[in-house]
Amino acid sequence: MSQENQINGIFSLKTAVTVGFGVTKRTAQSETYWFVKEIEDNAFDVQSLDMDFKRQGAPFRITREKLFEDYHLEPDLSYRLLSQPLLVGDHYRASNKPASAEQEYLKIKRIDEDNIRANFGLGLVYLAMDKTEKASYIFDRLVRLEEAFEPRHKHLFNEFGINLRKKGLFDEALKYYFRARELSPTDDHLLLNIARVYYEQRNLAEAEKTAREALAINPDLAEARRLLERIWDTPPRIELPPIKI
């Protein structure tokens, strides 16, 4: 299910509790906070949040009817703890302040560990900071999340794949692109990016084959033609010039 249409956010649950004893006994309202994530049409995972709004305990599943009957959406908290850090993190990343961006993305992951945009942001930040081990961890998480390859995330997806290649993480880049190809087998730009990785690996035969596949889908893809020209003009014995794109 697309995250775009999911119900994800912070909800509150108000329950009546009895406090005191004897003549001091009374009923009071207890309010707790929960992170709710829609899993499928009529199934929601609910996980308790502690006083610092960190996840605690194991999540459990409820129905849509139960959610709207017992829980109340907290839009202000959802914005302050989930949406706003994402906007701030993206701003810091665009401003070349990766350490500050990292802190904002981590705020989101304390609550929503599988948040696609936060994971992409963290992966890009770790690559920018040359923290390849942490970037690889994020990469492993992203390739398991089908939502990461949805069209609305395409700009982040492309940026992440390109940065994997530029950092010399060719095997990770190929694994990443092959996962995307399972979900979008006729994406000409995806095939072009795979061809670029093969070119960087000095695997000219596969680079040419994949670039031709991209052109078969889109004969007007000029970047694929330029890559083919570079392949044809570069004998395998000569050091290959790096791709600038």
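Things worth noting here:
- FRET E, pair Arg80, Met129, Förster distance 35 Å, beta-carbon r, rounded to 0.05: 0.85
- The alpha-carbon atoms of region 3-73 define a convex hull whose volume equals 105 cubic angstrom per residue.
- Pairs spanning more than 22 Å between alpha-carbon atoms, out of Lys14/Lys37; Lys97/Lys175; Lys134/Lys175; Lys107/Lys134: Lys97/Lys175.
- Degrees, to the nearest 10: 170-183 long Cα axis against longest axis of the chain: 70 degrees
- Arg26 versus Asp45: modelled label distance in nm, points set 7 Å from Cα along the beta carbon direction: 4.0 nm
- Candidate cross-link partners of Lys166 among the aspartates and glutamates, defined by an alpha-carbon separation under 19 Å and a same-chain spacing of 8 or more, comprise Asp130, Glu133, Asp140, Glu200, Glu206, Glu223, Glu239.
- Cα-based Rg of the chain normalised by 2.2 N^0.38 Å, two decimals: 1.32
- Potential lengthening between Glu65 and Asn218 on full extension [0.36 nm per residue; Cα-Cα distance subtracted]: 50.3 nm
- Estimated FRET transfer efficiency (Leu73, Glu229; beta-carbon r; R0 45 Å; 0.05): 0.20
- Short-range pairs are left out: with C-alpha atoms under 8 Å and at least six residues apart, the relative contact order of region 119-245 is 17 percent.
- Placing unit charges on the Cβ atoms only, positive for Lys and Arg and negative for Asp and Glu, gives region 95-245 a dipole magnitude near 320 debye about its Cα centre.
- Pair-distance profile P(r), taking every C-alpha pair of region 134-241, with 10 angstrom steps and integer %: 15, 46, 31, 8, 0
- Mean Cα-pair separation over length for region 3-73, i.e. relative contact order, pairs under 8 Å, 6 or more apart, %: 29 percent
- Dipole-positive endmost among Asn42, Pro151, Ile10 within the chain (Cβ charges, Cα centre): Ile10
- Note: relative contact order over the chain, using C-alpha pairs below 8 Å and six or more positions apart, is 10 percent.
Where a number appears in this text, it was derived from the coordinates with a stated rule and is not lab data. Bear in mind that the values here come from a model prediction, so they are computed numbers and not experimental data. Every residue, glycine as well, gets a Cβ built from its backbone with ideal geometry; the counts of neighbours run over all protein chains shown.
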